[in-house]
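Peer 1: Take a look at this one; I'll ask things after.
The values are calculated or read from the model by the stated rules, or taken from the named source; none is laboratory data. Computed from a predicted model, the values in this text were never measured in an experiment. All Cβ positions, glycine included, derive from the backbone under ideal geometry; neighbour counts span all protein chains shown.
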Amino acid sequence: MNTEKELVIPNNERVVTVVGGRGQLGRKIVRGFQSLKFGQVRICEEEDSFLSFVEQSTDIFFAVDDKKISDMLHSADELLTPQHAILDGSSVKEPLIPIFKRLDDRGINVVSTHLGAIPSHPWRGVKVWICEVGSNSERAKRLAIDLFISTNSSIEIIDITGKIVSSNINSNSINVSSLAKAVYTIRVKNKDVVLQKPLVIAE
């Protein structure tokens, strides 16, 4: 039974909290959410009041170990609602499964992710496993897909001579306001996929 009510909130109105956002994984996750143009990307560390972050967030990504995730979710149990999407990047999943299933049964969007590399390695071409928890995982799953695509892609603007005049790595957008009027090629790379299209700047 899918109890999820489709809550479509534009990214610029969403507030994400990255728990452990100053660690190796957390810093990359923060940059990913920033590239998705979230309204606010907040960092919660151990010394911070996690409960106040929960009350003000639409999305929470845990970039800490399974024990910390378990403790924090238990402490915030009464504050978590179907408005929240919960994601984690913990390497150890087994202790979290019963907690995640219980949250899913309450209509809360949960997915668990697993990065196929250690956080300090470049993410270009790295596989990511996105594990659905139950019938309410769809919104969190879409968020995880968007997040990892944004952190695993690059955009280049190439002029007529073949020179790269602008580039943006680990993002799904690029600023072209400083480019002169001309015809360019825009190249988007994501793992083994390369897409090229003409880009005309006329004004």
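Peer 1: With respect to ILE60, determine if the residue is free of Cβ contacts under 8 Å to residues at least 40 places away in the same chain, out of contact with any Gly (no Cβ under 8 Å at 6 or more places or on another chain) and either crowded, with 20+ Cβ neighbours inside 10 Å or farther than 17 Å from VAL15 by Cα (or both).
Peer 2: no
Peer 1: If PHE33 satisfies all but one of (1) modelled with pLDDT of 95 or more; (2) out of contact with any Lys or Arg (no Cβ under 7 Å at 6 or more places or on another chain); (3) surrounded by 19 or more Cβ atoms within 10 Å (Cβ to Cβ), what's the number of the condition it fails?
Peer 2: Evaluating PHE33 over (1) modelled with pLDDT of 95 or more; (2) out of contact with any Lys or Arg (no Cβ under 7 Å at 6 or more places or on another chain); (3) surrounded by 19 or more Cβ atoms within 10 Å (Cβ to Cβ) leaves (1) as the failure.
Peer 1: Taking ILE118 as the residue in question, decide whether it is assigned to a loop (DSSP other than H, G, I, E, B) and either at positive phi or at pLDDT below 85 (or both).
Peer 2: Taking the combined requirement at face value, the residue satisfies it.
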